[in-house]
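FYI, it's all coordinate maths here, none of it is from the lab. Quantities reported herein were computed from a predicted structural model and do not represent experimental measurements. Cβ: placed from backbone, ideal geometry, glycine included. Neighbour counts: every protein chain shown.
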Amino acid sequence: MQEPTSVQADVKEIEARARGWGEAHDEDHYQERKPDAHRGDVELRLRKRESGIARYSQKSYEERPIVSLDYVTFLGVNEGNLTKFLGVPFSTPTYINDFCSILSDIYYRARFELPHAPSPLRGLQNATVFGPACVQQALSNTLPFTFPSPTVTSEACLNLDVFSPAAHDPNSKFPVLVFLFGGGFEAGSSSATDFRPAVGRSILIGEPVVIVAPNYRVSAFGFLASKEVAAAGLTNLGLRDQIAALEWVQKYISAFGGDPNCVVLQDRSGSELFRGSFMVSGSPFPSPPVADGQSIYDQLVAANNCTNAGDTLDCLRQVPLGDFLATVNQTPDLFSYRAIALVWRPRVDRGLILRNPVDMVHDGAFMRVPIMIGNCDDEGTLFAYTSLNVTHVLHRLPQDLS
């Protein structure tokens, strides 16, 4: 990837911003987790940020990785034998001009909106720092374990990170792993896991891969369910975000050295957008119908004084983020029940999810792709206090997946 002369000034401007960012953020980005009596091995490697942005600023500008797509040109970071492009938008929220524009304010409506193809951006865009994570619901934190909290969150959060071997070109055709973070559909972000060791190791053993990690909406922002939401065609938005990210990968990953015909998904999704899957940390969560979420929807409507609104969904959309999030935080979270009866989860909407996934597996109505199933050490410890009898759930699942 060679750098066009026309963007040299943009590079220098981004260098200055990167230097300022590095001075203001000298803490480790990848947070340290210490083992304790309740945990097994540390799940996240202790990795130092190693002043990646500062090192980037010291390199000659000819070495900067630049990739040009049909809607934008991005400046990334070279770090040893790999390249990072961080915070790359794969969807753009709808921008609205209204009364606020009188005050030179233009703001966007990202809440309860389908993901859109990214809009064209002018100039060289900085992809050297992580983009904002999606807004997170506060967890009750009743266990000696916490999810790493993102530093910056936003409703306009549909961005992804690409980690690839530094020695690549559009003809490299490296296999691609798309990593969908876990967190019970309530928490998590693309930046919570350090993918540098995995890509670096793949290069060392002569089997280089590209890793893509997208953000997607969680909690009420991604999995609000009710008859009103269904009528608007806005169910399972978090899953739709994942699909939008996979569509972006199909269209653009070759520019980063990846092979769009060799995409492996780590977690879940659907259609022809991938060729295999690692189901690591997969769980037998039930997928009830959309109507099952009506009571929580009504609770949010009442708490935000939207009961008498002609369009309650649009009323919720207009509530200031801080106020809306405060009411979301009053709903049950991942640890509230000490069980796996989640309030925010994918639901059967007869559109994206046609019927109960367990029934679909029994009937053979699923994709025939290679699959590897695994688990994380001590993940069940999170729910050790549960009174739920999971044996009957396990007996409902097929015992032979061959």
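Among Asp169, Asp161, Asp292, Asp349, the order by Cβ neighbours within 10 angstrom, fewest to most, reads Asp169, Asp292, Asp349, Asp161. For segment 233-329, the equivalent ellipsoid derived from the alpha-carbon gyration tensor has semi-axes of 36, 17, 12 Å in decreasing order. With each label modelled as a point 7 angstrom along the Cα→C-beta vector, the Ala167-Gln250 pair spans 3.3 nm.
The Cα atoms of segment 207-277 give a gyration tensor whose axes a ≥ b ≥ c have a/c of 1.5 or more with a/b greater than b/c, which makes the shape prolate.
Here the peptides 190-201, 248-259 are ranked by packing, the mean other Cβ count within 10 Å, and the order with the highest first is 248-259, 190-201.
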